[in-house]
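Peer 1: Got a structure for you, questions after.
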Amino acid sequence: MDFRGVRRIARRTVITCLRGVSRAILAPLGGIPLFVLSIAALATVPVIIGLWLAPKALLTVRDVATRQRQRALEWSGVKIATPYRPRPPKATNGPIGRVRCCAWLLRDPATWRDLLWVLIGVPAGALLAAPAFAVVAGAGGILFGWWGAANETGVSQLLIIAALP
């Protein structure tokens, strides 16, 4: 039996589970407040203060989405192209620049996709992380004897995972 192959699969499984659990925990902590603040900033656009608040909030959403794209590349080797339209020149200088910056962000379809992604990312992250939670709960059950000694295959799986360098 090739233990290096088993060890590699076990290591990848553990890493994937930890990533899934971290996304399920971090997505609601960052996504929900970011979505609410972005919508509140957009609501203030008719009032002049929104010309400063909305671009900051929407650019933060873009930063979060860009980091998620980078994570996808690092974790799975999948490159996701950046979908944003080019920034207009001098879009942030003075009041006219603020209006141009806000208009640029509001007209870009990627802005609305990113906002939808932030909203959908919370339940989707939790749903996709459910198998990871099951593995973590199973390992916890084996470690702490929640299911008794009848789970011998789980014990052997835990020993394989524990043998990882």
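Where a number appears in this text, it was derived from the coordinates with a stated rule and is not lab data. This one's a predicted model, so the numbers in the text were calculated from it and none came from an experiment. Because the Cβ atoms are built from the backbone with ideal geometry, glycine has one as well, and the counts that use them run over all protein chains shown.
Peer 1: Would you mind getting me the FRET efficiency between I96 and L73? Use the beta-carbon distance for r and R0 = 35 Å, nearest 0.05.
Peer 2: 0.40
Peer 1: How do the peptides 95-101, 6-12 rank, highest first, by the average count of neighbouring beta carbon atoms within 10 Å per residue?
Peer 2: Descending packing order for the listed peptides: 95-101, 6-12.
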